[in-house]
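The values are calculated or read from the model by the stated rules, or taken from the named source; none is laboratory data. Computed from a predicted structure; not experimentally measured. Here the Cβ positions follow ideal geometry from the backbone for every residue, glycine too, while neighbour counts run over all protein chains shown.
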Amino acid sequence: MKLIILDQDGVINNDSSAIANRSSEWSPIHGSLEAIVYLNQMGYRVVVASNRSCDRKVMDITAFNAINDEMCKAVNQVGARIDAIFFSPQSNIEKYNCSKSLIAMFEEIAQRFGADLKTVPIVGDELRYLQAAEFVGAIPIMVLTGKGKKTKNAKSLPKNTKSFTDLASFSDTLIK
C-alpha cells in the first residue's frame, strides 16, 4: 500500500491570513483536486493531517467538520477520494506544542494504515510540517502555495526537503 499525508491549508485549499471558519469560505488551490485524482489513480491512500484546531482556537468541531465536508464533496466531484482526515484535538497552542501534535498525528496515521513512514511523502507548506515529517523519518515535501514561499527561506528547513510549485506539480513527478 502506498500512503501520502497532506496538509490541508495551503496544500489542498487556499490559505490566507484570514481564518476560514465556515465551509462557504473553503476554496481549493488550482490543480489540487486533480492532483488527488492522480494520487488515487497511482494507488495512493490519501490522508489529510490538519493542525487547524491547534492553530485556530476559534474553530469548533462543527465548523471543522463542515469545512471538511466541503473539501470531500469537491474531491468526490472530480472523481477522487480522501481516505481519512486526522486533526489535533488540542485547542490551546500555548499549552500544547503543535510540532508534537503533528508528530503524534503522523505516528497515529502510520499505525492505523500499517505504513512505514520512511516511504511516506508528507506534503506541507509550513516549516513545522516539514520538521515533523523529518522527525518521524518520512519524506518531507514542500509546496510553494500557502505559506510555502516564506517557508522556502527558513534556515531550519530539513535538508532532504524536496520543493514543488504546488501539489499538482508534485503529483506529476510521481507519474513519470
Please determine whether any residue of segment 132-139 is touching an Asp or Glu at 6+ places or on another chain (Cβ under 6 Å), surrounded by 19 or more Cβ atoms within 10 Å (Cβ to Cβ) and outside any loop (DSSP other than H, G, I, E, B). no
Specify the residue that is surrounded by the fewest Cβ atoms within 10 Å (Cβ to Cβ); the eligible residues are those in segment 34-45 that are in contact with a strand residue (DSSP E or B) (Cβ under 6 Å, 6 or more places away or on another chain), not basic (Lys, Arg) and not in a helix (DSSP H, G or I). GLY43
If a residue must be part of a helix (DSSP H, G or I) and within 15 Å of the chain's Cα centre (by Cα), how many such residues does segment 118-131 contain? 5
Does ASN153 satisfy the condition of being polar (S, T, N, Q), at pLDDT 90 or above, surrounded by fewer than 17 Cβ atoms within 10 Å (Cβ to Cβ) and out of contact with any helix residue (DSSP H, G or I) (no Cβ under 6 Å at 6 or more places or on another chain)? yes
Filtering segment 161-176 down to residues that are in a loop (DSSP other than H, G, I, E, B) and either under 20 Å from ILE109 (Cβ atoms) or of a type in the set (Lys, Arg) (or both), which residue is farthest from the chain's Cα centre (by Cα)? LYS176
How many of the residues making up segment 144-176 are closer than 13 Å to VAL11 by Cβ and among the acidic types (Asp, Glu)? 1
Of all residues in segment 46-78 being surrounded by fewer than 16 Cβ atoms within 10 Å (Cβ to Cβ), in a helix (DSSP H, G or I) and of a type in the set (Val, Ile, Thr), which is modelled with the highest pLDDT? THR62
Qualifying position, being surrounded by fewer than 20 Cβ atoms within 10 Å (Cβ to Cβ) and either in contact with a helix residue (DSSP H, G or I) (Cβ under 6 Å, 6 or more places away or on another chain) or at pLDDT 95 or above (or both), among ASP125, ASP83: ASP83
Go through the residues of segment 144-158 one by one and say whether even a single one is assigned to a strand (DSSP E or B) and either of a type in the set (A, V, I, L, M) or in contact with a strand residue (DSSP E or B) (Cβ under 8 Å, 6 or more places away or on another chain) (or both). no
